Structure formats: structure tokens, C-alpha cells
1. Ranked by Cβ crowding within 10 angstrom, fewest neighbours first, how are Cys43, Cys94 ordered?
2. Helix-only estimate, please: 222 nm mean residue ellipticity of the chain, summing -39500 (n - 2.57) across DSSP H runs of length 4 or more and dividing by its residues, to the nearest 500.
3. So which GluC sites (Glu not before Pro) in the range 1-66 are both in a DSSP loop and have at most 15 other Cβ atoms within 10 Å of their Cβ?
4. Taking only C-alpha pairs under 8 Å that are 6+ residues apart, what is the relative contact order of the chain in percent?
5. What list of ³J(HN,Hα) couplings, whole Hz, do you get for the range 11-20 from phi and the Karplus terms 6.51, -1.76, 1.60, once you set θ to phi - 60° and write x for glycine and proline?
6. Ranked by Cβ crowding within 10 angstrom, fewest neighbours first, how are Thr48, Thr11 ordered?
7. So for the pair Leu77, Asp16, with labels modelled 7 Å out along Cα→Cβ, what separation do we get in nm?
8. Please report, for the Cα atoms of the range 3-152, the Rg to one decimal and the Dmax as a whole number; what are they, in angstrom?
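Values in this text are rule-based calculations from the coordinates and carry no lab data. The model shown is predicted, which means the values in this text are computed figures rather than measured ones. Heads up, the Cβs are rebuilt from the backbone with ideal geometry, glycines too, and the neighbour counts pull from every protein chain shown.
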Amino acid sequence: MYNSIYIEFLTQEINDEEKREEFLNRIERELKEQAGDDVAWDCRAMLTEALGNAMDHGNLELRVRTQEARNERLKDLQYARKKISVHYLILKGCVSLTVYDEGKGFNHNNLFRKLRNGGVDINQYKGMKIISYLADEFYFNEKGNALTMMKYFNNL
């Protein structure tokens, strides 16, 4: 079993709830067939968080995520036309999801240190806390603008 999808979105498209849900539903359907409901749900949740982080913190360069700040930044085509790419790969017993953005990246080592040491407010880094809980493995590229999440499963 092998299935691979690579798709690019403009940031303004990811902000469109209908388009985002259509994409997430497609991935979830495929995963349910090949890996089961639990894996499909976990991957959908991880992908939802990763897409939100790529849009808001990566391409839109927002420090704090609010709909008002997002809408204001999306008025500027410099931000709205930045791309977010998703590479989705199913191999025997493994799902790999990678989300890339065109942002400046960030120091993910500081993030890991804060998460490990409990040095973050409960409201900080919610998306990464969810991803770290659901993913069997996850890692960033060196620049910090691509996140790969792995989920293992027993074939049905």
C-alpha cells in the first residue's frame, strides 16, 4: 500500500473554511479506508493545527492568533499569496504529513525546551501541544518552516 499527495494552497485559500474542510475531509476519508477511524481522526486534528500554525505564525507572521488580526493581514497580498504546501504519504503501517509554509521559520529548539520543562502558559502553543500528544513522531526542518508528523498504525 502506497499513496502520496502533494498539494499547494495560497494562504488566503487555507483561510477559506469551506476549502480547508474539503481538503481535510478528503484526507480523513482516505485515512479511514487505509488506517482506521482513530488514525484518521488524529491525523485530521494534527493537520488542522499545523495548517493553522503555518498560516498564522508562518505566512502571516502573527504572534497572536485572532480572526481580526488574520483578516487584516490577509488584505495585504504580500501575505495572502504566500503558499502553504502539504505532502501526505501513506506507507504500510505509517502516515507521514508534512506542512511547509513560506514564512521566516522559528527556533523550534526553544519551543521543545519550553514544552519539556513546562515553561509555557497553558494558553501558549496549544497547537503544538495537540500535535505532540497525537503524533508518534514529529520534527521541524532546520529553518522551522516545515513540520513533519508521523502516525503509525496496524494495517486493517
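1. Cys94, Cys43
2. -13500 deg cm²/dmol
3. Qualifying residues, ordered by number: Glu61.
4. In percent, rounded to a whole number, it is 29.
5. The phi angles translate into 3, 5, 6, 5, 5, 6, 4, 5, 5, 4 Hz.
6. Fewest to most other Cβ atoms nearby, the residues stand as Thr48, Thr11.
7. 1.7 nm
8. That works out to 15.0, 43 Å for Rg and Dmax.
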